[in-house]
Amino acid sequence: MRKKELALGAFLVALVVTGGFLSMPLVQRQPAQATSPEIYKKLELFGDVLERVRAEYVEKPDDAKLIENAIKGLVNGLDPHSAYLTPKEYQDEQADTRGEFGGLGIDVMMEEGAIKVIAPLDNMPADRAGVLAGDAITALDGQSVKGLSMDAAVDRMRGPVGSPVTLTIQRKGATAPITVKVVRDIIKVNPVAYSVEGDAGWIKVKSFENEHTTEYVQKAVEDIKKTLDGKVSGYVLDLRNNPGGLLDQAIDLTDAFLDKGTIVVTRGRGADDIERTTAKQGDISDGKPVIVLLNGGSASASEVVAGALQDHNRATLLGTRSFGKGSVQTLIPLANKGAIRVTTARYFTPSGRSIQATGIEPDYVVEPELPPELKLQLASVPFESEAQLRGHLKNAAATEEGGGSISYVPKEKEKDNQLQAALALLHGQLPQTGKKATESLDQARATTPASSPLSNGPSGG
């Protein structure tokens, strides 16, 4: 069974909404469990409650909505990552996975009752129509966006390719609202950003939800090699604030940097329900050193990549502890009635580690340097992690669950001390840190062949 995974909650609107979970499409249906008489009694109780609500509620309820809410309660109550998707939600998720849809091509956020444009994507419909970063969209086709949720606003901006939408814009410096007509086009979302930093390559993977993520990373590596005429000292693979995505993309990306060895192991409910994925020959980086950047926003698929590269001594991890989501969800379509996403397995790193509710500890702990105002804001706020989510799966192998870590990343690279530390590490300059990998990690790594992550030798296996 091949697995698709989605992650933990980034939001890009180009127009894109990402979620946070590891999921796999169902290939074969598992045999149904024998139904106990107790189930029928509970269903009887449900029927009684349904009828009392329909008869007694102060307003006439929508029967379809009642059943939908009951289904949501059934699935959503299992754990934080299982959920029922309405037909519309399922359709949107499929579009996000394909990485293309009919839209405007803008990165936006909701701010003070308007849709604030963070940036229009280059040469996309909004950009061609003259929409600017900082514009506030107050109406769509003459209808105010005030009171709309982000999801509702995204739905209104997406649509069939070739169809027009009129934006009413408030722009700084303009004395009156500006009206802009934008014709929707196919929007392709690139989840990867990259650049050359000195003699090294920096590759930022924003999420793994797009089914073409690995292809974009391969293109980034090719361009970096070409720019540096093949003289690349190494690569910084930036997975900070990457909430996850498709498990098969996490596997493919890990495989791209490994020549051999286990990538990930998944274990379901049954004793024989185990699947092991192994790497194929071929390393797109030609064995050059790799530094992986992690923080508290690195979850799910990004933890699969980091855990595998760490266990094989193929990469050195730097930053702060990851989120700690170690489960896999199966996406099960329900004919034309949406889908359910159900947790069906736990995943383990090549050395057998479960990172569920503990996270991955980097080899070098480097805290980000915070602006003074953020230090005050974050002083009393606990950092989010899997262990804090109500109803999360427990990790039987862990002596204690891991707390969250900071996920701040400055926009300016020169102010990004974690990135600068990673680049220094590529050149043999060790970061100053009083922390090191945990004892359990040291023991796990002792089971894999030793090789320096800063050498050009073959990866462990």
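The values are calculated or read from the model by the stated rules, or taken from the named source; none is laboratory data. Just so it is clear, the model here is predicted, and its values are computed rather than measured. Each accessible area value is taken on the protein alone, full model and side chains, heavy atoms only, with ligands, DNA and RNA left out. Shrake-Rupley method; radii C 1.70, N 1.55, O 1.52, S 1.80 Å.
Counting only DSSP beta bridges with both residues in the chain, what percent are antiparallel, rounded to the nearest 5? The antiparallel fraction comes to roughly 70 percent. Helices that extend 20 Å or more along their long axis by alpha-carbon positions and average at least -0.5 on the Kyte-Doolittle scale are, among the DSSP H runs of the chain, 37-56.
Relative contact order of the chain, taken over Cα pairs closer than 8 Å and 6 or more residues apart, is 17 percent. Comparing Cα centroids, the stretch 317-337 and the stretch 35-80 end up 27 angstrom apart. Per 5 Å bin, what percent of the C-alpha pairs of the stretch 255-372 does each bin hold, from zero upward? With a bin width of 5 Å, the distribution comes to 2, 11, 18, 19, 17, 14, 9, 6, 3, 1, 0.
In the stretch 314-389, the inverse of the mean reciprocal separation of distinct Cα atoms equals 15.5 Å; this is its Kirkwood hydrodynamic radius. Straight-line cross-link reach from Lys415 at under 28 Å between alpha-carbon atoms covers these lysines, not counting any fewer than eight positions away in the same chain: Lys116, Lys204, Lys206, Lys219, Lys225, Lys226, Lys231, Lys288, Lys375, Lys435, Lys436.
With all protein chains present, how much of the accessible area of the chain (probe radius 1.4 Å) comes from carbon and sulfur, to the nearest whole percent? Answer for the chain: carbon and sulfur cover 53 percent of the accessible area. For Arg267, Arg184, Arg171, the ranking by accessible surface with the largest value first comes to Arg267, Arg171, Arg184, using a 1.4 Å probe. Looking at the P(r) of the stretch 133-241, how many percent of alpha-carbon pairs lie beyond 20 Å? Value for the stretch 133-241: 60 percent of Cα pairs lie more than 20 Å apart. With all protein chains kept in place, the per residue accessible area of the chain amounts to 49 square angstrom at a probe of 1.4 angstrom.
Divide by every residue of the chain the summed helix terms, -39500 (n - 2.57) for each DSSP H run of at least 4, and state the resulting mean residue ellipticity at 222 nm, rounded to the nearest 500 deg cm²/dmol.
Estimated from H runs of four or more residues: -8000 deg cm²/dmol.
Distance between the C-alpha centres of the stretch 147-199 and the stretch 235-267: 31 Å, rounded to the whole angstrom. Here's how it looks for Val292: its modeled amide H is under 5 Å from those of Leu237, Thr316, Leu317, Leu318, which are all 5 or more places away or on a different chain. Could you tell me whether the chain comes out rounded, prolate or oblate from its Cα gyration tensor? Rule is a ≥ b ≥ c as square roots of the eigenvalues, rounded for a/c under 1.5, then prolate if a/b exceeds b/c, otherwise oblate. Cα axes put the chain in the oblate bin. Computed from backbone phi with θ = phi - 60° and the Karplus coefficients 6.51, -1.76 and 1.60, the 3J(HN,Hα) list for the stretch 313-318 is 6, 8, 9, 9, 9, 9 Hz; x is used for glycine and proline.
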